[in-house]
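Worksheet for the structure shown next.
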Amino acid sequence: MADPVVDFRSDTLTTPSPAMREAMASAVVGDDVFDEDPTIHELQAEVAAMFGHEAALFAPSGTMANQIALQLAVPRGDELLCDAAAHIVSDEIGAAAALSGLSTRTWPAVGADVDVAVVESMVRPEGFVAVPTRAIAVEQTHNRGGGGVIPLSALQDLRSVADRYGVHLHCDGARIWHAHVADGVPLATYGALFDTLSVCLSKGLGAPVGSLVVGSAERIAAARKLRKRLGGGMRQAGILAAAGLYALRHNIGRLADDHARARRLAEALAPAGVVDPDRIRTNIVPLDLTKAGLDGPAFAAAARERGILTSVLGPRLVRLVTHLDQTDEGIAHAEAVLPALLS
Ligand SMILES: Cc1ncc(COP(=O)(O)O)c(C=O)c1O
């Protein structure tokens, strides 16, 4: 019998379930550039309430939601601080520079850990010729940081720093749901710490499209204009918002299954010295193949031969991501096959 194909490349690869498609098909829609789509209104209100903020704005992608939030916070030329592996500076094709005109300065990335004293020491005040720091961004959970969760206490300390210096605090919360499920921190507790958040419906929650910017009513009114300028004004996109509502109402709690599967995979692979299972908190399993003396592309090719698709992130770095379109059978296949490829 042929091996099953198990796709661990990303949690963005999920496709809408039949029930989600039904919700999409029956969505009541209107022109959202006219601000007349009832399903988008419902989604925006629901997400704003989840995070305890006044308002939210539906956007086509996480990248656009981040850039809208950053443009709200940082005048062109002024500065954003974030870590060196943040999606905002490493993975958005230079949008922060090319589209938002930001200066960025980064602190060294160590998983999801944040040394708040280091961040504070980097904040630069307004000066005659200085580039002033206007915003700090963190990523929860941290994608390149192996799905790590920033502890609530560190975020609270960052909030104090932001208040002390009058700096905007943004959360790239593409997978904030995963942090909420892993650490049990209420979404509203996270929401209270940030001036803006971007959150995604298409990363692990199973919706095909969509992110939201969350913030005050005043900021979100300004965000509507920025979204239109970036080409993100959509028309009858309530069809997509309906998928998002379905995802939020059905697929957050089940993320615990993805986390448990990621942990199981890490435990199966730990004897090869490529991953520490205790660092796997959510649905991302980075494999550092250095100790096993293996080459990332070669490992990925061998895994593909056995029906297991992985992402190659570096010469010796491969990543597995668990998500709702995988089955117990697929996970068991990976647990059986991958350790042998590492020996
Ligand atoms: C942490 C994080 N932020 C933002 C994004 C951007 O999302 P999109 O691909 O929808 O633009 C991603 C995408 O994977 C992500 O992982």
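Read the figures in this text as sums done on the coordinates, not as results from a lab. All of these numbers come straight from a predicted model, not from anything done at the bench. Cβ atoms come from the backbone with ideal geometry, glycine included; neighbour counts cover every protein chain shown.
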Placing +1 on each Lys and Arg Cβ and -1 on each Asp and Glu Cβ in the chain, then taking the dipole about the Cα centre, the residue among Gly206, Thr133, Val337 whose Cα reaches farthest towards the positive end is Thr133
Along each principal axis, Cα extent of the stretch 18-92, largest first, Å: 44, 27, 24
Determine the sum of side-chain charges near Phe51: Lys and Arg each +1, Asp and Glu each -1, restricted to other residues whose C-beta is under 15 angstrom from that of Phe51. -1
Once each part is reduced to its C-alpha centroid, what is the distance from the stretch 270-343 to the stretch 43-108 in angstrom? 30
³J(HN,Hα) computed for each position of the stretch 265-281 - Karplus, 6.51 cos²θ - 1.76 cosθ + 1.60, integer Hz, glycine/proline x: 4, 4, 5, 5, 9, 4, x, 7, x, 9, 7, 9, x, 5, 8, 8, 9
Per Stokes-Einstein, at 37 °C and 0.692 mPa s, what whole-number D in µm² s⁻¹ belongs to the stretch 206-343, with the Kirkwood radius over Cα pairs as the hydrodynamic radius? 188
May I have the convex hull volume per residue, in Å³, for the Cα set of the stretch 1-152? 184
Beta bridge orientation in the chain: antiparallel %, DSSP, nearest 5: 50
In the neighborhood of Arg159, defined by Cβ-to-Cβ distances under 14 Å, what is the net charge if each Lys or Arg adds +1 and each Asp or Glu adds -1? -3
Quick one: grab the alpha carbon gyration tensor of the stretch 110-239, order the square roots of its eigenvalues as a ≥ b ≥ c, and give me rounded if a/c is under 1.5, else prolate or oblate depending on whether a/b is larger than b/c. oblate
Amide H of Ser211: which non-local residues (sequence gap of 5 or more, or other chain) have their own amide H closer than 5 Å, using H built in the peptide plane? Ala59, Ser61, Leu201
Listing Ser61, Ser198, Ser160, Ser343 by rising number of other beta-carbon atoms within 10 angstrom, fewest first, gives Ser343, Ser160, Ser61, Ser198
From the convex hull of the Cα coordinates of the chain, what is the mean projected area in square nanometres? 17.5
Taking the Cα centre as origin and putting +1 on Lys and Arg beta-carbons and -1 on Asp and Glu beta-carbons, what dipole magnitude results for the stretch 190-313, to the nearest 20 debye? 700
When the helices in the chain are scored as -39500 (n - 2.57) per DSSP H run of 4 or longer and the sum is shared across all residues, what 222 nm value do you end up with, to the nearest 500 deg cm²/dmol? -12000 deg cm²/dmol
Rg/Rg_ref, the stretch 155-196, where Rg_ref = 2.2 N^0.38 Å and atoms are Cα: 1.18
For the Cα atoms of the chain, what angle does the longest principal axis make with the long axis of helix 328-341, in degrees from 0 to 90, nearest 10? 70
Give me the Å³ per residue figure for the convex hull around the C-alpha atoms of the stretch 207-285. 148
Net charge dipole size for the stretch 1-153 [Lys, Arg +1 and Asp, Glu -1 on Cβ; Debye, nearest 20]: 540
When the Karplus curve 6.51 cos²θ - 1.76 cosθ + 1.60 is applied with θ = phi - 60°, which whole-Hz ³J(HN,Hα) does each residue of the stretch 61-71 get, with x for Gly and Pro? 8, x, 4, 5, 4, 4, 5, 4, 4, 5, 5
How big is the dipole moment of the stretch 266-343 about its Cα centre under a simple scheme where the beta carbon of each Lys and Arg is +1, that of each Asp and Glu is -1, and everything else is neutral? Debye, nearest 20, please. 280
